[in-house]
Structures are given as C-alpha cells and as structure tokens.
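**Q** Sharing a structure here in structure tokens format.
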Amino acid sequence: MLQLLILPIALLIDYVFGEPKRFHPLVAYGAFVDRIEALLNRGAEKKSKGAIAWIVAVLPIVTLVWLLDSLIGGWWLSLLFGWLAIGWVSLSEHGSQVEQALKAGNIEEAREKLGRLVSRDTSQLTPNEISKASIESVLENGSDAIFAPLFWLAVGGAPAVVAYRLCNTLDAMWGYRNQRYEEFGKFSARVDDLLNIIPARLTAITYGLAGNFKGAIQAWRAQFGQWYSPNAGVVMAAGAGALGVRLGGDAVYHGKSKSRPTLGNGQEPEVSDLSQALKLVERSVYIWAIIALLIGAVGFL
C-alpha cells in the first residue's frame, strides 16, 4: 500500500519541477540504444538480433535497479525512478505550446511544435488538422508517459517502472513499421504491447470518468479493434468518445500516406478541442492521484 502513496507524491514532484533540466537519464539511454541498433541492425536474422538487442538494452539496467532496491532501496528509490519515468508536465507543456501557437495564428510554429510530438509529416496540415493530430498524441501519450508508468510503479516499485520506461522507449525508437525497423523492432514492439494491455484499458476507463463516460465506452467497444495498435486503439477511441470528437483518418508518415480508421463519434476537432484534451488528461491524473491516496491511506492505517 505504501507504493500507492508514492504515486501522488511522484506526480506532485513532476508538477513542481518537471523533467530534469540539464540531464535526463533517458537521453543517455537513447544514445546507448542508438549504438546497439547500429551494431546489430544489419544483415540477416534481424528479428533474432532485435531480441538480443532488447536483452542487452533492458535486462542489465533493470537487474541493477532490482539489486539496488533489494540491498539499499526503499520508498525513496521508487519515488526517484517514478518521477523520472513520468512525463505529465512535459506532455502538457508540448501540447500547450501547439495550442498557444494555434491561438496566435502562427501556423508554421504550430506545425513545428507538433513535429516534436508526432512522427507524421506536419508541413501541410491545417489548423484543425494540427489540433486533431495533437489530440491524438496527447491521448496516446497520456497512457504511455503518465498512466502506464504509474501503474507499474504501483505494481512493482522502482524495478518495474524502470523496466516499463526502458521497454516503452525501445518501442518508440525501434517500433516503426518501415524497412529499417519492421523486423528488428518487432520483439520490442510486442513486449511494449504486453506491458500496456492493462494500463491502456485503465486509461480508457479514466478518460471516460473524466469526460463523457457513455461516449467513451461506446467508442471503445465499437472501434478499438479497428486500429492497428491494440492498446493505442483502446485509448484513442475512448478519449475521442469522452471528448465528443472524431479522430483518425488518413495521415502522411515518412513521405507515404497511411490509411487509418476513424475513432470517436463526434465532429472533426477544432482548435479549441486541443485545450479540452489537455484538460481531460489533467482530470484523469487527479482521478488516479485521489484513488491512490484513498486506497493507500486505508491500507496504511
């Protein structure tokens, strides 16, 4: 139960301080992962090499954290790694930057800011399309960068939240369905899918509680299986239903148009809907914090 009390404290630290300003461990980890990929992602048997790369990139670090947690750990270690794993303020700031640029009528700046959130081509997007792409990213990353880390922090403390964050980072770097990563990144993508099965569905329920619950559940049931990602589809369908907007549709990735299904049951998003999506995630964070406090306090007493 003590782990649950750590959740709202980690969120509070992230709210006050945000991410580390000068050095974030994930930056160094990204450079480390790039070296592994450059060494192994070549020749034949790329699926096997991708699995080996995952083992090299994840298991030694998680084992070290587990040893630290076993020998000298305590609540402070879970709190430290929980804070480092959570991206609530960072996601909010990036989304708000796009929103502010749109409200100021600076479309080029909005496209540039959006490019930091998504991998698609943003150069030709209209203001409403920028808003829709931003909403999709905010909803999906709300699960990946906030609620999934909180879930694994509650389940297994420092080792579990570190394992999740490393696996999710590998999926973000290697999980693309293109010529370079299709085979090499498959193992990392499947592990990330497994780790997000429960957190994604808890996130979807929370989006419903924080918005239009009926609309969220209806969209989730009707549309989640249509999306190419089993977890992102759940999160985005429920989020779209909670907001009363329609997401998805064709988009350009790496120079190629990708056909995507429609999620949600409302109208196409407008610029103002981005603000509502940010508020939906914020309310969802408060719901998790309150529930963790209540359950943790009862158990502690």
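**Q** Filter region 115-139 for residues that are in a helix (DSSP H, G or I) and either among the polar types (S, T, N, Q) or surrounded by fewer than 22 Cβ atoms within 10 Å (Cβ to Cβ) (or both) and give the result.
**A** Result: P127, N128, E129, S131, S134, S137.
**Q** Taking the options K256, K279, name whichever one is loosely packed, with under 15 Cβ neighbours inside 10 Å, of a type in the set (D, E, K, R) and farther than 17 Å from S92 by Cβ. Don't jump to the end; show me each part of the working.
**A** Details: K279 fails: farther than 17 Å from S92 by Cβ.
Selected residue: K256, the only one of K256, K279 that is loosely packed, with under 15 Cβ neighbours inside 10 Å, of a type in the set (D, E, K, R) and farther than 17 Å from S92 by Cβ.
**Q** Sticking with this structure for a sec: State whether one or more residues within region 26-34 are assigned to a helix (DSSP H, G or I), closer than 17 Å to I146 by Cα and of a type outside the set (D, E, K, R). Break it down stepwise before answering.
**A** As a first pass, look at region 26-34 and keep what is assigned to a helix (DSSP H, G or I): 26-34.
Pick out the ones that are also closer than 17 Å to I146 by Cα and you get 26.
Next, from what is left, pick out any that are of a type outside the set (D, E, K, R): 26.
Among the residues of region 26-34, at least one is assigned to a helix (DSSP H, G or I), closer than 17 Å to I146 by Cα and of a type outside the set (D, E, K, R), which makes the answer yes.
**Q** How many of the residues making up region 263-276 are over 19 Å from A200 (Cα atoms), surrounded by 16 or more Cβ atoms within 10 Å (Cβ to Cβ) and in contact with a strand residue (DSSP E or B) (Cβ under 8 Å, 6 or more places away or on another chain)?
**A** Number satisfying all stated conditions: 4.
**Q** Take the residues of region 168-193 that are of a type in the set (S, T, Y) and at pLDDT 95 or above: which is nearest to A242 (Cα to Cα)?
**A** Within region 168-193, the first condition is being of a type in the set (S, T, Y), and the residues that meet it are 169, 176, 181, 188.
Okay, now just the ones that are also at pLDDT 95 or above, so 169, 188.
On the way: T169: 28, S188: 30 Å.
Once the filter is applied, the top-ranked residue is T169.
**Q** Name the residues in region 41-61 that are assigned to a helix (DSSP H, G or I) and either free of Cβ contacts under 8 Å to residues at least 12 places away in the same chain or closer than 17 Å to N178 by Cα (or both), would you? First the steps, then the outcome.
**A** Narrowing region 41-61 to residues assigned to a helix (DSSP H, G or I): 46-61.
Scanning region 41-61 gives K46, K47, S48, K49, G50, I55, L59, P60.
**Q** With respect to A189, determine if the residue is aliphatic (A, V, I, L, M), assigned to a helix (DSSP H, G or I), without any contact (Cβ under 8 Å) to a residue 24 or more places away in the chain and touching a Phe, Trp or Tyr at 6+ places or on another chain (Cβ under 6 Å).
**A** No.
Residues are listed down the side, and each one gets a yes or a no for (1) among the acidic types (D, E); (2) out of contact with any strand residue (DSSP E or B) (no Cβ under 7 Å at 6 or more places or on another chain); (3) within 30 Å of G73 (Cα to Cα); (4) at pLDDT below 95:
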{"site": "R116", "(1), (2), (3), (4)": "no, yes, no, yes"}
{"site": "T122", "(1), (2), (3), (4)": "no, yes, no, yes"}
{"site": "S134", "(1), (2), (3), (4)": "no, yes, no, no"}
{"site": "S143", "(1), (2), (3), (4)": "no, yes, yes, no"}
{"site": "F147", "(1), (2), (3), (4)": "no, yes, yes, no"}
{"site": "L166", "(1), (2), (3), (4)": "no, yes, yes, no"}
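**Q** OK, next. Find the residue count for region 62-76, including only residues that are without any contact (Cβ under 8 Å) to a residue 24 or more places away in the chain and part of a helix (DSSP H, G or I). Don't jump to the end; show me each part of the working.
**A** Here is the first cut: in region 62-76, the residues without any contact (Cβ under 8 Å) to a residue 24 or more places away in the chain are 63-64, 67, 70-72, 74, 76.
If we keep only those that are part of a helix (DSSP H, G or I) too, we end up with 63-64, 67, 70-71, 76.
Of the residues in region 62-76, 6 are without any contact (Cβ under 8 Å) to a residue 24 or more places away in the chain and part of a helix (DSSP H, G or I).
**Q** So in region 194-229, with the set limited to residues that are basic (K, R) and modelled with pLDDT of 95 or more, which one is nearest to the chain's Cα centre (by Cα)? Don't jump to the end; show me each part of the working.
**A** Residues of region 194-229 that are basic (K, R), as a first pass: 201, 214, 221.
Now restrict to residues that are modelled with pLDDT of 95 or more: 201, 214.
Working: R201: 13, K214: 24 Å.
Filtering region 194-229 for residues that are basic (K, R) and modelled with pLDDT of 95 or more, the one nearest to the chain's Cα centre (by Cα) comes out as R201.
**Q** In region 160-185, which residues are in a helix (DSSP H, G or I) and either within 21 Å of G299 (Cβ to Cβ) or in contact with a His (Cβ under 7 Å, 6 or more places away or on another chain) (or both)? Full working, then the answer.
**A** Looking only at region 160-185, we keep the residues that are in a helix (DSSP H, G or I), and these are 160-174.
Within region 160-185, A160, V161 meet the criteria.
**Q** If you go through region 197-243, how many residues are among the aromatic types (F, W, Y) and either surrounded by 24 or more Cβ atoms within 10 Å (Cβ to Cβ) or not in a helix (DSSP H, G or I) (or both)? First the steps, then the outcome.
**A** Taking region 197-243 and keeping what is among the aromatic types (F, W, Y), we get 207, 213, 220, 224, 227-228.
Imposing the further condition that a residue be either surrounded by 24 or more Cβ atoms within 10 Å (Cβ to Cβ) or not in a helix (DSSP H, G or I) (or both) reduces the set to 207, 220, 227-228.
Selection size over region 197-243: 4.
**Q** While we're here: When region 255-291 is examined, which residues are found to be without any contact (Cβ under 8 Å) to a residue 24 or more places away in the chain and assigned to a loop (DSSP other than H, G, I, E, B)?
**A** S259
**Q** Something else now. How many residues does region 49-70 hold that are of a type in the set (S, T, Y) and at pLDDT below 95?
**A** 1
**Q** Here's a follow-up. Can you tell me which condition L59 does not meet? The list is (1) surrounded by fewer than 17 Cβ atoms within 10 Å (Cβ to Cβ); (2) farther than 19 Å from M173 by Cβ, and all the others hold.
**A** (2)
**Q** Identify, please: which residue in region 230-252 is of a type outside the set (A, V, I, L, M) and at negative phi and is, among those, nearest to the chain's Cα centre (by Cα)? Don't jump to the end; show me each part of the working.
**A** The first filter runs over region 230-252 and keeps only residues of a type outside the set (A, V, I, L, M), leaving 230-231, 233, 239, 241, 244, 246, 248-250.
Pick out the ones that are also at negative phi and you get 230-231, 233, 239, 241, 246, 250.
On the way: P230: 14, N231: 11, G233: 13, G239: 13, G241: 19, R246: 20, D250: 21 Å.
Of everything passing the filter in region 230-252, N231 is nearest to the chain's Cα centre (by Cα).
**Q** Can you tell me which residue in region 102-123 is farthest from W88 (Cα to Cα), limited to those that are within 25 Å of the chain's Cα centre (by Cα) and among the polar types (S, T, N, Q)?
**A** If we take residues in region 102-123 being within 25 Å of the chain's Cα centre (by Cα) and among the polar types (S, T, N, Q), then S123 is farthest from W88 (Cα to Cα).
The values are calculated or read from the model by the stated rules, or taken from the named source; none is laboratory data. Keep in mind the model is a prediction, meaning the values are calculated, not measured. For neighbour counting, all protein chains shown are included, and Cβ atoms are generated from backbone atoms with ideal geometry for every residue, glycine included.
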